[in-house]
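What follows is a single structure, written as structure tokens, with notes after it.
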Amino acid sequence: MNDENSSRSVSPVPPVDRHGRPLRDLRISVMDRCNFRCPYCMPEATYHEAFRFLGPGERLDFDEIERVARIAAELGVTKIRLTGGEPLLRPGLPDLVSRLRALPGIEDVALTTNGILLPRFAPALHQAGLRRVTVSLDSLDPAVFAHMSGGRGELSAVLKGVDAARAAGFEGGVKINTVVQRGVNDAGVPDILARFRHTDVAVRLIEYMDVGNRNGWDRADVVPSDELHARIAALWPLEPLPPRYRGEVARRYRYVDGAGEIGFVSSVSAPFCGACSRARLSSDGKLYTCLFATTGTDLRALLRDSAGDAEGDQQLRTSLSRIWRQRTDRYSEERARHRISPHGEEKPSRREKIEMHYIGG
């Protein structure tokens, strides 16, 4: 009896992967559906009206999500981000937020959304404990926005969503994610920055990445962050900000004139795999250890085959720890080797990667 009680009082040893990286962040896709059809994520040609998405019984329910998050927190996770698809399509999301916020060890729960439904849900989400919201917005030009959202969204509705989040109390906790593609929306980047200068909304400029298999990615479409930085600094001088924590994805800068800050996410030109501490849980319960993963580990079967008791939790804990300890992912750092032939020319990737809407960005 004493030995049993003693063993239960010992906290699990936080796992590190084979490159010495700890598990700190868990991104949870709560919905594989989306009300946009962004060409770089869910192109209309593939995700048409007849496409079969997951049924309700195929997605993890909130009890199962909470259970995975609780065990992950015991293994060192402190931050959770809810993603999709479009996470606000998932009914009852504020309830899940409040449950995740109550977990011991979880310090932060954030949300990534296209913003369309924020006017309806922002107050309830904030009341539930959500404190950070990231809105995807690729252009302020209505025609470019329509192209980049697959013709499904209204620009004015997204901007109303940003305003609703700020009004609900997310001041300082609202960010804009802009995926920049050469010849598509890069000329309009200063317009987005100008709109949110002198506000508490930070814009993050993301290099166009080869996520999934269906977006027709070409390196020529990437605008390197250094090039963007030079363009922006010519308009508004910038100065660097120090990282707020190890593994921070965005390189942050502030405007010298005090008009706020921006960030650059440079997965292609300056990969940051070496400090990556993120795991991703798909809406159907598979755990992935990289945004560019080819396969994941099915936790849904384990969740549904094992009881939610100490023995079942130990099975889940062992599985999560084993998955992370075996992790070797560093795709972005190896991208050039994957895609450049011995003669120097670009070659198509043969890796069948998981589509982004299943595991979030």
TODO: Report, in debye and to the nearest 20, how large the dipole of the range 96-211 comes out about its Cα centre when Lys and Arg carry +1 and Asp and Glu carry -1 on their Cβ.
DONE: 380 debye
TODO: Could you list the residues of the range 248-289 with an amide nitrogen less than 17 Å from a label point located 7 Å from the Cα of residue 315 in the Cα-to-C-beta direction?
DONE: 285-287
Task: ³J(HN,Hα) computed for each position of the range 123-135 - Karplus, 6.51 cos²θ - 1.76 cosθ + 1.60, integer Hz, glycine/proline x - done: x, 5, 5, 5, 5, 6, x, 5, 10, 9, 10, 10, 10
Open item on the list: Quick check: residue separation of residue 226 and residue 101 times 0.36 nm, minus the Cα distance between them. What number comes out in nm?
Closed with: 41.3 nm
Task: Accessible area per residue in Å² at 1.4 Å probe, computed on the chain - done: 44 Å²
- [ ] Quick one: pull the percent of accessible area on the range 56-163 belonging to carbon and sulfur, 1.4 Å probe, ligands and nucleic acids left out.
- [x] 54 percent
Task: Fraction of beta bridges assigned by DSSP in the chain that are antiparallel (%, nearest 5) - done: 30 percent
- [ ] Return a single number: how many Lys pairs in the chain, at a sequence separation of 8 or more or on separate chains, have alpha-carbon atoms below 21 angstrom apart.
- [x] 4
TODO: Taking the Cα centre of the chain as origin, sum charge times position over the Cβ atoms of Lys and Arg (+1) and Asp and Glu (-1), and report the length of that vector in debye to the nearest 20.
DONE: 400 debye
Open item on the list: Quick check: convex hull over the Cα atoms of the range 124-252, volume per residue in Å³, rounded to an integer?
Closed with: 144 Å³
- [ ] Quick one: angle between helix 225-235 and the longest Cα principal axis of the chain, in degrees between 0 and 90, rounded to 10, please.
- [x] 50 degrees
- [ ] For residue 99, tell me the accessible area in Å² from a 1.4 Å probe, rounded to the nearest 10.
- [x] 60 Å²
Open item on the list: Around residue 77, under 10 Å between beta carbons, what's the net of Lys plus Arg minus Asp minus Glu among the other residues?
Closed with: +1
Open item on the list: Test of understanding: what is the full-extension gain from residue 78 to residue 218, defined as 0.36 nm times their sequence separation minus their Cα-Cα distance?
Closed with: 46.9 nm
Open item on the list: In whole percent, and with a 1.4 Å probe on the protein chains, what portion of the accessible area of the range 167-208 is carbon and sulfur?
Closed with: 47 percent
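The values are calculated or read from the model by the stated rules, or taken from the named source; none is laboratory data. Everything quoted here is computed from the prediction, not taken from an experiment. Ideal geometry is used to build each Cβ from the backbone, glycine not excepted, and the neighbour counts take in all protein chains shown. Just so you know, the surface numbers come from the protein's heavy atoms only, side chains and all, with ligands and any DNA or RNA stripped out. Shrake-Rupley method; radii C 1.70, N 1.55, O 1.52, S 1.80 Å.
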